[in-house]
Amino acid sequence: MTGEIRKEVLGAVLDALPMEMSFVDENDTVRYFNKNGDRIFPRPPAVIGRKVQDCHPQKSLHKVNQILDDFKNNKRSSAEFWIDLKGRKIYIRYFAVRDKNGKYLGCLEVSQDITDIQKIKGEKRLL
């Protein structure tokens with residue numbers, strides 16, 4: 001890591017990002033999620049300490065398990081999906097988190113409403 005940052009500042013930084021993030025450890029246990037305003041996929045505090053498989057719909061469970069297995073076996077480092085939800089385009093990405101030696105530490109799930117981003121045209125250089 002470059003630089004230093006206090007834990008409470010890091011938490012505030014992560015909460016300020018315009019995306020939802022959840023971290024699942026190497027044992028598939030949910031360890032963290034940020035509190036990004038109106039969440040696309042609400043997460044109650046009780047989800048911390050639960051298996052990630054218990055937090056996804058049954059119909060997508062095979063995809064979640066495949067991604068995690070691929071990450072653990074170093075077959076891939078990321079996976080991405082996009083879905084239409086309530087008239088919005090939701091971009092969902094999974095990233096393997098590994099230490100400097102390549103050891104699998106867990107998975108970061110990032111979800112973002114990209115509906116307005118898709119509408120961007122041309123350039124905007126000034127406020």
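Candidates Ile90, Ile67: the one that is more than 13 Å from Gln112 (Cα to Cα), surrounded by 12 or more Cβ atoms within 10 Å (Cβ to Cβ) and modelled with pLDDT of 90 or more is Ile67.
In segment 47-70, the residues that are farther than 22 Å from Lys35 by Cα reach residues that are hydrophobic (A, V, I, L, M, F, W, C) with C-beta atoms within less than 6 angstrom, at least six apart or across chains, in these pairs: Ile67/Ala79. Filter segment 27-39 down to the residues that are surrounded by 16 or more Cβ atoms within 10 Å (Cβ to Cβ) and either assigned to a loop (DSSP other than H, G, I, E, B) or touching a Pro at 6+ places or on another chain (Cβ under 7 Å) (or both) and list them by number. Selection gives Asp28, Asn34, Asn36. Residues that are assigned to a loop (DSSP other than H, G, I, E, B) and among the β-branched types (Val, Ile, Thr) were ranked within segment 40-61; the one that is surrounded by the fewest Cβ atoms within 10 Å (Cβ to Cβ) is Ile48. Among the residues of segment 102-125, those identified as within 21 Å of Asn65 (Cα to Cα), of a type outside the set (Phe, Trp, Tyr) and in contact (Cβ under 8 Å) with a residue 40 or more places away in the chain are Leu105, Gly106, Cys107, Leu108, Glu109, Val110, Ser111. What are the residue pairs meeting all of these: first residue in segment 1-17, first residue farther than 18 Å from Lys35 by Cα, second residue at pLDDT below 95, Cβ atoms under 8 Å, and 6 or more apart or on different chains? Going by the 8 Å Cβ cut-off, the qualifying pairs are Ile5/Val13. Annotation note: Cβ proximity below 6 Å between a residue of segment 18-46 that is within 16 Å of Asn65 (Cα to Cα) and a residue that is part of a loop (DSSP other than H, G, I, E, B) (sequence gap 6+ or interchain) occurs for Val30/Ile48; Val30/Arg50. Quick check on segment 76-96. Is at least one of its residues in contact with a Leu (Cβ under 6 Å, 6 or more places away or on another chain) and at negative phi? Yes, segment 76-96 contains at least one residue that is in contact with a Leu (Cβ under 6 Å, 6 or more places away or on another chain) and at negative phi.
The values are calculated or read from the model by the stated rules, or taken from the named source; none is laboratory data. In this text, all values refer to a predicted model and were calculated from it rather than measured experimentally. A quick note on method: Cβ atoms are made from the backbone with ideal geometry, for glycine too, and the neighbour counts reach across all protein chains shown.
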